[in-house]
Amino acid sequence: MNQYPYPFYQGQGVPPQAPAPAYGWQNVPQPVQRPAPQMPQWGAQPQGVPAAPPVGGYPQGVPAAPPVGGYPQGGYPAAAPPAGYGQPAPAFSPAFSQPYPQYVYAQPISVAPPFALRQDRNPRLTGASRTLNRLCLVVLLQTAVAFLLEMPLMALFFSQGINIMTDPMAFQWLATAMVPLSTALPFFVYLRLGQKDVTDYLKFEKVGFVTALLCVLGGLALCLLGNFPAFAIQEFFGSFGYEPASSSTGESQSMAMFILELLSTAVLVPVMEEFAFRGVLLSSLRKYGAGFAIFASAFVFSLVHLDFSNVVFAFIAGLVFGFLYVKTGNLWISIVIHALNNGIAVVGSYGEFLFGEAMAEAFNNLSLLIPIAVGLVALILLMIFQREKLFRRSGEKTPLCLSGGEAAAAVVRTPLLWVIMAFMAAYTTTLFF
């Protein structure tokens with residue numbers, strides 16, 4: 001009988017036992033284990049399973065290792081041992097000191113089912129719509145701030161014995177004071193709450209005096225051309241009782257009021273609105289593509305003008321302001337164009353007071369035609385000398401850049417934008433009665 005029992009084969013004085021499980025064997029049947037003789041203390045191992053071959057190998061007649069592929073069912077017969085039977089076993093290695101597993105399983109890969117996670121089919125479109133919706137909330141806050149602050153200011157005027165409902169000058173002072181509070185303050189709070197760097201939104205890059213001048217003249221011409229579709233809308237809806245709101249009446253005009261309105265409308269308003277709509281709103285949407293940012297900012301900018309004829313004009317002007325801001329990276333250019341456009345409108349509304357009734361109509365016509373003619377020449381010069389910089393399609397592509405269809409879908413999927421449109425429609429309706 002062998003000194004060291006190795007229960008792989010029947011015969012040779014070794015009690016018959018099933019083959020010992022080895023790493024890599026697949027589904028080896030395990031018969032009922034019989035008690036095995038006491039094993040030498042090579043390590044704490046289950047009975048019947050050797051921890052490792054002894055130093056120097058197994059005695060003559062003990063197999064070194066199972067053959068490749070495992071033993072046949074029931075083991076080899078005693079008379080036909082496998083090749084290599086009786087060869088010395090490999091030297092002792094600590095790797096053999098652990099018991100072998102009975103089965104070998106592949107590590108499963110954990111994959112969540114499709115319904116387990118919310119899958120966003122187009123995260124770029126969703127992100128653009130969410131950002132635009134958040135900015136529309138800031139625009140609605142402009143109206144809320146104007147309402148909340150206007151009431152205390154009106155009470156202050158009344159406490160001083162001034163009725164702003166009958167005093168145009170007091171009303172103009174109130175409107176001037178509300179411009180920075182209602183237009184710029186909500187967007188400033190938006191930047192502060194988001195801990196955003198203002199320099200990422202307000203750009204004042206160097207453009208060059210000649211290029212800047214040509215951009216201002218050309219942009220002003222395009223803005224003034226936007227008056228013609230606005231005039232057409234006023235004339236069409238005028239037959240149904242539509243009457244656009246006017247900034248002033250001839251009975252209340254004075255030099256002091258003209259200067260105050262000119263400073264408010266042609267200086268303060270352009271700075272505040274360009275900061276809000278081009279500086280913050282457009283720049284916040286820029287990561288989704290320049291085209292989407294220009295269109296969306298111009299659309300929101302036009303809706304806050306409420307009067308439908310003004311909405312059409314403001315949308316065209318907003319496209320011009322946004323395009324030049326994106327191409328030049330200088331917010332002053334859009335501010336100057338905005339200021340000149342508003343200044344021409346204010347001077348035109350005071351035409352009879354400033355120039356007399358005979359010259360007022362001529363001034364209004366010339367204030368449109370001359371800037372348009374000069375601006376068209378400026379556009380031609382820009383096309384010749386600055387075509388590569390301004391009018392060639394830029395290769396600016398961001399990872400979140402939207403296509404044309406995606407940009408339109410993002411606008412449609414913005415709920416608060418529809419709320420602003422509803423306010424605009426309601427206000428326009430009141431102008432028919």
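Figures for the structure shown
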| read-out | value |
| --- | --- |
| Filtered trypsin sites (Lys or Arg not before Pro), region 111-213: DSSP coil and at most 16 other beta carbons within 10 Å | Arg118, Arg121, Lys196, Lys203, Lys206 |
| Using a Förster distance of 45 Å, the FRET efficiency for Phe147-Phe209 (Cβ separation, nearest 0.05) | 0.55 |
| Dipole in debye (nearest 20) - region 123-430, about Cα centre, beta carbon charges: Lys, Arg +1; Asp, Glu -1 | 1760 |
| Gained length - Met255 relative to Leu202, 0.36 nm times residue gap less alpha-carbon distance | 15.6 nm |
| Residues with amide H under 5 Å from that of Asn330, placed H, sequence gap 5 or more | Glu205 |
| Order by protection proxy (mean Cβ within 10 Å, highest first), peptides 225-231, 162-168 | 225-231, 162-168 |
| For region 123-430, the fraction of alpha-carbon pairs in successive 20 Å shells from zero, as % | 30, 60, 11, 0 |
| Within-11-Å neighbourhood charge of Gly351 [Cβ basis; K, R +1; D, E -1] | -3 |
| Distance (nanometres) between label positions extended 7 Å along Cα→Cβ at Phe433 and Ser239 | 2.4 |
| Table column - 3J(HN,Hα) (Hz), region 342-359, Karplus curve with 6.51, -1.76, 1.60, x for Gly and Pro | 5, x, 4, 5, 5, 4, x, 5, 9, x, 5, 5, 8, 10, x, 5, 5, 9 |
| Positive minus negative residues near Val179 (Lys, Arg vs Asp, Glu; Cβ under 15 Å) | -4 |
| Set of region 333-360 residues, backbone N closer than 16 Å to the point 7 Å along the Cα-Cβ line of Val374 | 336-345, 347-348 |
| Amide hydrogen neighbours beyond the local backbone of Leu402, cut-off 5 Å, H modeled | Gly289 |
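Read-outs: derived from the displayed coordinates by stated rules, not from any lab. Predicted, not measured: the structure shown is a model, and the values here were computed from it. Using ideal geometry, Cβ is built from the backbone for each residue, glycine included, and neighbour counts are taken over all protein chains shown.
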